[in-house]
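The values are calculated or read from the model by the stated rules, or taken from the named source; none is laboratory data. This one's a predicted model, so the numbers in the text were calculated from it and none came from an experiment. All Cβ positions, glycine included, derive from the backbone under ideal geometry; neighbour counts span all protein chains shown.
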Amino acid sequence: MKSDKKGLIAKVRAAGVVGAGGAGFPTHVKLGGQADTVIINGAECEPLLAVDVQLLERQAEHLVEALGRLVEALGAQAGVIAIKAKHQAAVDTLQQALTGSSSVRLHLLDDFYPVGDEQVLVYEVLGRTVPEGGIPLAVGSIVLNVETLLNIAAAWLDQPVITSYVTIAGEVEQPLTVGVPIGTPVSVLLDLAGGTTVSDYRVIEGGPMTGKLLSAEAIDAGMAAVKKTTTGLVVLPADHWLIAQPHLSLGSILQRAQSACCQCRLCTDLCPRHLLGHDIHPHLVLNSVNHGQTNNPAAITQAFLCSDCGVCELYACPVELSPRRMYQAIKAELLKQGCKNPHGRAVTPRAVWTGRHIPVNSLIARLGLGKYTRSAPWREPAFSPRQVVIALQQHIGMPAGAVVEVGDKVDIGQVIGLPPPDKLGAAVHASIAGRVLEVTNEVIIIAGE
Ligand code: SF4
Ligand code: SF4
């Protein structure tokens, strides 16, 4: 099936496609750029998550065909599926599917964190370095998540995004990976995994390095639910250090930094963005803050270069300090003051780039996740949730506004929320057929038929 670029972008927009593996950047905007290469990010470098590799193995032919078609529609020259070499079964299946394809190839990645970071991936696959503060388009590439490519393929057939693929791992009876209607409550998915294996637990949405802690109250109330961007639910005991550490108050972080930072600079030596050549030195931000030099623009504006990967906080620092949280707080303040990122140099990776890669096995050991590395096999769900809670903001940009009212009957795939005209955002669709139970500024709740 052929499609011109403009037509494709219109269909992707109407289907509400957003980056499924990240912050949810609207895909129709990304596809509008001019690129010679489209990279499919199958790196899946966060420990315990297993969606992308299983999708690549199970739907290899479909994905290869969709990528070839996308490359053609965008006027690009090549498509690359990037996957870790260690996933032998998926690699074999993809290689078979690639037979005869002239525009799509495979790139095998080493097993390190964070090889799935867009800037790291572009360098590993194409040998091009994205400038500081830039995006892959700056060097002629578009990076898309595996699930996003599936959603683009569906958009071509006028099918909206109504399913999200999720790995449920950690303290559950049977870890699994499953595709479910968007808005499925997290509590339903924990039951689907056979229930939790500890009574006092917390759930991280996403991976352990970059995911976000879900509110226990929201889970109990059935209001925490799967979004377009949900790739995993990691259940951990409430006293696991991964639950406590990234959620310390900023006050405690500052206090700990003042008493414990020895300026060993391990956080800088292992920071992936520093290693790519960016002007980011997390040990210096600790030093500046500790000495009250918060008006030192050179150190402070480095916050704009932090990718939030968590290496400094969760792997590098021997005394568990958090340059990442400092950078997050500083960036929020700078944005509040209307400051823009002043960094934009072209960069060259430092000579130690390869030697400082963090093997995922070492990361798992450091994070205390060794006991949770059981496989999370694919399961076809034999259920439809009785109720879905669909967020109106599942993407970067403006939240969608509801276009349905309480009591309305909705069909599966029907538009229920739209972003303001001409603003960055994404449409939201009903993931089950049923009746609208509740509409707020944040969510639309639908009860199934
Ligand atoms: S690794 Fe920790 S102790 Fe060392 S400089 Fe960085 S924040 Fe300070
Ligand atoms: S989170 Fe830490 S290691 Fe990662 S980019 Fe930011 S400063 Fe560097």
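Odds and ends about this structure:
- For region 214-223, the set of residues classified as crowded, with 16+ Cβ neighbours inside 10 Å and either hydroxyl-bearing (Ser, Thr, Tyr) or touching a strand residue (DSSP E or B) at 6+ places or on another chain (Cβ under 7 Å) (or both) consists of Leu214, Ile219, Gly222, Met223, listed by residue number.
- Scan of region 271-291 for residues that are touching a residue at least 24 places away in the same chain (Cβ under 8 Å) and surrounded by fewer than 20 Cβ atoms within 10 Å (Cβ to Cβ), ordered by number: Gly277, Asp279, Asn287, Asn290
- Arg345 vs. criteria out of contact with any Lys or Arg (no Cβ under 9 Å at 6 or more places or on another chain) and either assigned to a loop (DSSP other than H, G, I, E, B) or within 16 Å of ligand 1 (Cβ to nearest atom) (or both): yes
- Any hit, region 115-133, residues being under 19 Å from the mean Cα position of the chain (by Cα), more than 30 Å from Ala346 (Cα to Cα) and of a type in the set (S, T, N, Q): no
- Residue-level check: of (1) surrounded by fewer than 20 Cβ atoms within 10 Å (Cβ to Cβ); (2) part of a loop (DSSP other than H, G, I, E, B); (3) away from ligand 1 (no atom under 16 Å from the Cβ); (4) modelled with pLDDT of 90 or more, Thr294 misses just (4).
- For region 87-164, the helices (runs of 4 or more DSSP H) that sit wholly inside it and include 2 or more residues that are under 30 Å from Val389 (Cβ atoms), in contact with a Ser or Thr (Cβ under 9 Å, 6 or more places away or on another chain) and not basic (Lys, Arg) are 146-156.
- Considering Val198, Val234, the condition of being away from ligand 1 (no atom under 16 Å from the Cβ), modelled with pLDDT of 95 or more, surrounded by fewer than 19 Cβ atoms within 10 Å (Cβ to Cβ) and assigned by TED's automatic domain parsing to the domain that holds Gln174 is satisfied by Val198 alone.
- Wholly enclosed strands (runs of 3 or more DSSP E) of region 394-449 bearing at least 2 residues touching a residue at least 40 places away in the same chain (Cβ under 8 Å) and within 17 Å of Val180 (Cβ to Cβ): 443-448
- Whichever residue in region 214-264 is in a loop (DSSP other than H, G, I, E, B) and hydroxyl-bearing (Ser, Thr, Tyr) and, among such residues, is nearest to Val178 (Cα to Cα): Thr231
- Restricting Val139, Val146 to those that are β-branched (Val, Ile, Thr) and surrounded by 24 or more Cβ atoms within 10 Å (Cβ to Cβ) reduces the list to Val146.
- Options Ala376, Ala316, Ala329: the member that is modelled with pLDDT of 95 or more, closer than 28 Å to Pro208 by Cα, among the small types (Gly, Ala, Ser) and within 16 Å of ligand 1 (Cβ to nearest atom): Ala316
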